[in-house]
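Visitor: Right, I'll just put the structure down here and ask away after.
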Amino acid sequence: MQNTTATLQETSSQQRTNWFASFGGLIPIVLMIPLLMLQLWTACIVAAISISLVTILYNLSQKRGVTSLEALSLFFGLVNAVLYFGFQSTFLLQRLGAFIYLLLLVQVILSLVRGVPWTEQYAKRSVSPELWENPMFRETNRFLTIVWGCAFLVDMVLSIAFTGWLGNIVPIALVVATAVATPFLTKWYTSLRTKQN
């Protein structure tokens, strides 16, 4: 248990340097929000699709696979392209934040129900495969998934209830803060659980 915890804590330090590998799927979402606020619909769609494709292709070239966040970013870009260019509709674009956070929250809840925490797909990019089946790895990811779920819930509520910076920028800031905090939370949680055991 001590060795596993030390390895997981070591891994959390490595995750800081592997941020792009773990959370590159956030980049299209972070870039889309300012463009949406400025109502630059075409630029937003082009940026979302192109950055999502670059991120996905990069991760595939590194044999990392595609995460649900990366797939979701590309999906929203393509759906918005069809709605905007095909039907001149900005309905989804104007409510994109709320829809994205809702779908991410649903992914988190379903992952917890299935017993495969949402953050595992990202953690596996920076943790050696021999740790994937370790109970501490799963438990730590369950904790992190709950943290992310709370962030997505707050983001969804803010996106629905407010416009402007409070409904757009604050949710993005919370997502980025959660991503930056994740390696530190991993280290803290594994230390805490080791002391309890």
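The values are calculated or read from the model by the stated rules, or taken from the named source; none is laboratory data. Since we're looking at a predicted model, the values are computed, not measured. For neighbour counting, all protein chains shown are included, and Cβ atoms are generated from backbone atoms with ideal geometry for every residue, glycine included. For the accessible areas, the whole protein counts, side chains as well, though only heavy atoms, and no ligand, DNA or RNA atoms are used. Shrake-Rupley method; radii C 1.70, N 1.55, O 1.52, S 1.80 Å.
Visitor: Within segment 104-121, track down each residue that is under 25 Å from S159 (Cα atoms) and under 13 Å from the mean Cα position of the chain (by Cα). Step through it out loud before you land on a result.
Guide: Keep residues of segment 104-121 that are under 25 Å from S159 (Cα atoms), which gives 104-112, 117-119.
Within segment 104-121, L104, L105, V106, Q107, V108, P117, W118, T119 qualify.
Visitor: Related question: Tell me yes or no: at least one residue of segment 159-166 is open to solvent by less than 50 Å² (accessible area, probe 1.4 Å) and touching a Pro at 6+ places or on another chain (Cβ under 7 Å).
Guide: yes
Visitor: Right, here's the next one. Restricting attention to segment 150-158, does a residue exist that is open to solvent by less than 40 Å² (accessible area, probe 1.4 Å) and more than 25 Å from N59 (Cβ to Cβ)?
Guide: Within segment 150-158, the first condition is being open to solvent by less than 40 Å² (accessible area, probe 1.4 Å), and the residues that meet it are 151-152, 155-156, 158.
Now restrict to residues that are more than 25 Å from N59 (Cβ to Cβ): 156, 158.
The answer is yes, given that some residue of segment 150-158 is open to solvent by less than 40 Å² (accessible area, probe 1.4 Å) and more than 25 Å from N59 (Cβ to Cβ).
Visitor: Please go through segment 131-157 and pick out each residue that is touching a residue at least 24 places away in the same chain (Cβ under 8 Å) and among the aliphatic types (A, V, I, L, M).
Guide: L131, M136, L144, I146, V147, A151, L153, M156
Visitor: Considering every residue within segment 137-145, establish whether at least one is under 23 Å from P28 (Cβ atoms) and open to solvent by 70 Å² or more (accessible area, probe 1.4 Å).
Guide: Filtering segment 137-145 for residues under 23 Å from P28 (Cβ atoms) gives 144-145.
Subset that is open to solvent by 70 Å² or more (accessible area, probe 1.4 Å): none.
No, the conditions are met nowhere in segment 137-145.
Visitor: What are the residues in segment 119-128 that are open to solvent by less than 10 Å² (accessible area, probe 1.4 Å) and free of Cβ contacts under 8 Å to residues at least 60 places away in the same chain, if any?
Guide: Residue satisfying the conditions is E120 alone.
Visitor: Please enumerate the residues belonging to segment 53-87 that are outside any helix (DSSP H, G or I), open to solvent by less than 40 Å² (accessible area, probe 1.4 Å) and over 19 Å from F99 (Cα atoms).
Guide: We begin by selecting, within segment 53-87, every residue outside any helix (DSSP H, G or I); these are 62-67.
Of the ones still in play, those that are also open to solvent by less than 40 Å² (accessible area, probe 1.4 Å) are 65, 67.
Within segment 53-87, G65 is the sole residue that qualifies.
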